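Novice: This is the structure I have questions about; it appears just below.
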Amino acid sequence: MIKSPLIQTVLPGPRAVEFLQKDRAHVSPSYTRSYPLVAEEGRGVWIRDVDGNVFLDFTAGIAVCSTGHCHPKVIEAVKDQAERLLHMSGADFYYPPQIALAEKLSSLMPGEGDKKVFFGNSGTEAVEGAFKLARWHTKRKLNIAFYGGFHGRTMGSLSLTASKNVQKKRYDPFVPGVTHVPYAYCYRCDYNLRYPECGLECVRWIEDSLFRTTISPEDVAAIIIEPIQGEGGYVVPPPDYHKELYAIAKKYGILFVVDEVQSGMGRTGKMFAIEHFGVLPDIISVAKGIASGLPLGAILAPSKIMDWETGSHSTTFGGNPLACRAALVTIELLEKTLMANADVQGNRLLSGLRNLQKVYESMGDVRGKGLMAAVELVKDRHTRKPHETLRDDIIQRAFRKGLLLLGCGKSSIRFCPALTVSADEIEVCISIFDEVLGEVSG
Ligand code: PLP
């Protein structure tokens, strides 16, 4: 059992340097690597690089490896499936793992009645498909999405995304009919108000201003929203936010579509983050954590909404048998212990970070639900001016001490380890983070 990181070369080490040179020569420069980790093996929350250095992984491959790296039960299922059938295409044929997974996911979607599932390979496809389904079902053309939202990079999803300019630059024109509105990012309220005195102005504005001036609510197909914003900064909205938005959606026959690609599959301590907010979404998009690292995305909807006709939406690879088997095991593990562990360890993580916040002025905000936690770095607590360079420096220093972290939002750091993470591993993370903050604050 590994207990702490082990860094035994300069970073990057000699073998890593060779790979990095080849990568630079042959791999697209559009990827956003924060530091030169060249991974070779993973177990649980631990990653060994090509030079034998061992890192504590609080990224889980961007919130994907929910059951930890290479969980033995996932490996067993994938090996078994690999010997039976690698591919047949659910677009044109049937195979048991896909049907079994659809049945399981249908049963997990909150709300009464029959549900149906469409399978893709990624988060962006799961959102893209939900976007299309909402148009199909409602026969309406407009959509509302949110500043800070990230929904993926294919043209439909990218049209909904409003996270970073670099993601959209030179790619317009986008799919028409998407209006972005402010999210309930209370630490940096777009309306300069304070919750709860604000009365959720960010929700009221949609009905009182947007729907009165530029958009007819009867033309809106869907409100497409992350229950907790991910790339936007792990932003947790106030408890009544989604209920209020949902009420507007229902009033005008608008579908409430939740993008659970990052927040879903147990990460927040519930299967879907929207379950913390007491509303029943019309469509759910999931991916990332669903199959412990195998590529899989899914759209979940009541059968009366997933009513598109044969041939109207399909894909060759989506719902691949290996990925479906991995997902079935993943969900079993989540239900048995991991979701509960995400809740317990998430609270431990947040309280550890809040203790550090008492010491370090630069930790402007600490927020999260379960194992979806973030720290927002600021230049000073009073002005809340984002401190992006400090955030980047902390991530670099943590890497060199063997702790893998990722940024999000303008100046935040996210903590999204596998749901298998133990109390000791949380303590190791907090202690390295403390050490790094001590260095940069000294
Ligand atoms: N939606 C959300 C909320 C995400 O966080 C992401 C990826 O980070 C996506 C969609 C896109 O997923 P993918 O990168 O698998 O296409």
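Novice: Amide H neighbours of HIS387 under 5 Å, at least 5 residues apart or on other chains, H built in the peptide plane: list them.
Specialist: LEU377, VAL378, LYS379
Novice: Lysines within cross-link reach of LYS385: Cα-Cα under 28 Å, excluding same-chain residues under 8 positions apart?
Specialist: LYS164, LYS168, LYS169, LYS358, LYS369, LYS401, LYS410
Novice: Still on this structure, please answer the following. Would you kindly derive the ³J(HN,Hα) couplings of the stretch 428-442 from the backbone phi angles with the Karplus curve 6.51 cos²θ - 1.76 cosθ + 1.60 (θ = phi - 60°), listing them in order in whole Hz, with x for Gly and Pro?
Specialist: After applying 6.51 cos²θ - 1.76 cosθ + 1.60, I find 4, 4, 4, 5, 5, 4, 4, 4, 5, 4, x, 4, 7, 9, x Hz.
Novice: Would you please give the residues with an amide H less than 5 Å from that of VAL45, counting only those at least 5 places away or on a separate chain, with H modeled from the backbone geometry?
Specialist: Distant-sequence amide H within range of VAL45: HIS69.
Novice: What ranking of HIS151, HIS137 comes out by heavy-atom accessible area, probe 1.4 Å, highest first?
Specialist: Of HIS151, HIS137, the descending order of accessible area is HIS137, HIS151.
Novice: Looking at the stretch 88-319 only, what percent of DSSP beta bridges run antiparallel? Nearest 5 please.
Specialist: Here the antiparallel bridges make up roughly 40 percent for the stretch 88-319.
Novice: Further question on the same structure: In terms of Cα to Cα distance under 25 Å, which lysines are near enough to LYS251, apart from those fewer than 8 places away along the same chain?
Specialist: Output for LYS251: LYS115, LYS116, LYS132, LYS139, LYS141, LYS243, LYS304.
Novice: Now for a different question. Taking the chain as a Gaussian network, where each spring joins two C-alpha atoms under 10 Å apart, which residue of THR330, THR310, THR124 fluctuates the most?
Specialist: THR310
Novice: Here is a follow-up. Taking all protein chains together and a probe of 1.4 Å, list LEU160, LEU11, LEU85 from the most accessible to the least accessible.
Specialist: So the residues, ranked largest to smallest area, are LEU85, LEU11, LEU160.
Novice: Still on this structure, I have one more. Using alpha-carbon pairs under 8 Å, 6+ residues apart, how would you state the relative contact order of the stretch 93-159 in percent?
Specialist: Rounded, it is 27 percent for the stretch 93-159.
Novice: I've got another one for you. Below 8 Å, C-alpha to C-alpha, sequence gap of six or more: please give me the relative contact order for the chain in percent.
Specialist: 22 percent.
Novice: Given the -39500 (n - 2.57) contribution per DSSP H run of 4+ residues, what per-residue ellipticity at 222 nm results for the chain, rounded to the nearest 500 deg cm²/dmol?
Specialist: Here the helix-only value at 222 nm equals -10500 deg cm²/dmol.
Novice: Please work out the Cα center distance from the stretch 1-57 to the stretch 87-114, rounded to the nearest Å.
Specialist: The stretch 1-57 and the stretch 87-114 have Cα centres separated by 36 Å.
Novice: If you take every DSSP beta bridge whose two residues both sit in the chain, what share of them, in percent to the nearest 5, is antiparallel?
Specialist: The antiparallel fraction comes to roughly 65 percent.
Novice: I've got another one for you. Going from most exposed to least, what order do ASP434, ASP51 have by accessible area with a 1.4 Å probe?
Specialist: ASP434, ASP51
Novice: Still on this model: Kindly state, to the nearest 0.05, the FRET efficiency for GLU103 paired with SER28, given R0 = 35 Å and r defined as their beta-carbon distance.
Specialist: For GLU103 and SER28, the calculated efficiency is 0.40.
Novice: Also, I was wondering about something else. Over the stretch 88-319, what percent of the accessible surface lies on carbon and sulfur atoms, probe 1.4 Å?
Specialist: That fraction is 53 percent.
Novice: Suppose all protein chains stay in the model; what accessible area per residue would a 1.4 Å probe give for the chain, in Å²?
Specialist: That works out to 45 Å² for each residue.
Novice: Here is a further query. Å³ per residue of the Cα convex hull, for the stretch 88-319?
Specialist: Residue-normalised Cα hull volume stands at 127 Å³.
Novice: Over the stretch 46-192, calculate the relative contact order: mean separation of alpha carbon pairs under 8 Å at least 6 apart, over the residue count, as a percent.
Specialist: Relative contact order of the stretch 46-192: 13 percent.
Novice: If the label point is 7 Å along Cα→Cβ of THR179, which residues in the stretch 154-169 have backbone nitrogen under 16 Å from it?
Specialist: Counting only backbone N, you get 160.
Novice: In straight Cα distance, which lysines are under 16 Å from LYS73, not counting same-chain residues fewer than 8 positions off?
Specialist: By straight Cα distance, LYS73 reaches LYS336.
Novice: Around PRO417, what is the net charge, scoring Lys/Arg as +1 and Asp/Glu as -1 over all other residues with Cβ under 11 Å from its Cβ?
Specialist: 0
Novice: For the chain, modelled as a Gaussian network with Cα springs under 10 Å, which listed residue fluctuates most, ALA374, ALA126, ALA16?
Specialist: Highest fluctuation of the listed residues: ALA16.
Novice: Quick one: 3J(HN,Hα) in Hz for the stretch 339-348, Karplus 6.51/-1.76/1.60 with θ = phi - 60°, rounded, Gly and Pro as x.
Specialist: Residue by residue, the stretch 339-348 yields 5, 5, 5, 4, 5, 5, 6, x, 5, 4 Hz.
Novice: Search the structure for amide H atoms under 5 Å from the amide H of GLY13, placed 1.01 Å from N in the peptide plane, and list their residues when 5 or more places away or on another chain.
Specialist: Amide H neighbours of GLY13, under 5 Å, 5+ apart: none.
Novice: Hey, if you drop one equal point scatterer on each alpha-carbon of the chain and run the Debye formula without solvent, what base-10 log of I(q)/I(0) do you get at q = 0.06, 0.07, 0.11, 0.12 Å⁻¹?
Specialist: Log10 of I(q)/I(0), two decimals: -0.25, -0.34, -0.87, -1.04.
Novice: Tabulate in residue order the Karplus-calculated ³J(HN,Hα) for the stretch 85-90, using 6.51 cos²θ - 1.76 cosθ + 1.60 with θ = phi - 60°, rounded to whole Hz; enter x for Gly and Pro.
Specialist: In residue order, the calculated couplings are 7, 8, 7, 9, 6, x Hz.
The values are calculated or read from the model by the stated rules, or taken from the named source; none is laboratory data. Here the structure is a predicted model, which means the values were calculated and not measured. Positions of Cβ are generated from backbone atoms using ideal geometry, with glycine treated the same way; all protein chains shown enter the neighbour counts. Just the protein is used for accessible areas: all its heavy atoms, side chains included, with ligands, DNA and RNA removed. Shrake-Rupley method; radii C 1.70, N 1.55, O 1.52, S 1.80 Å.
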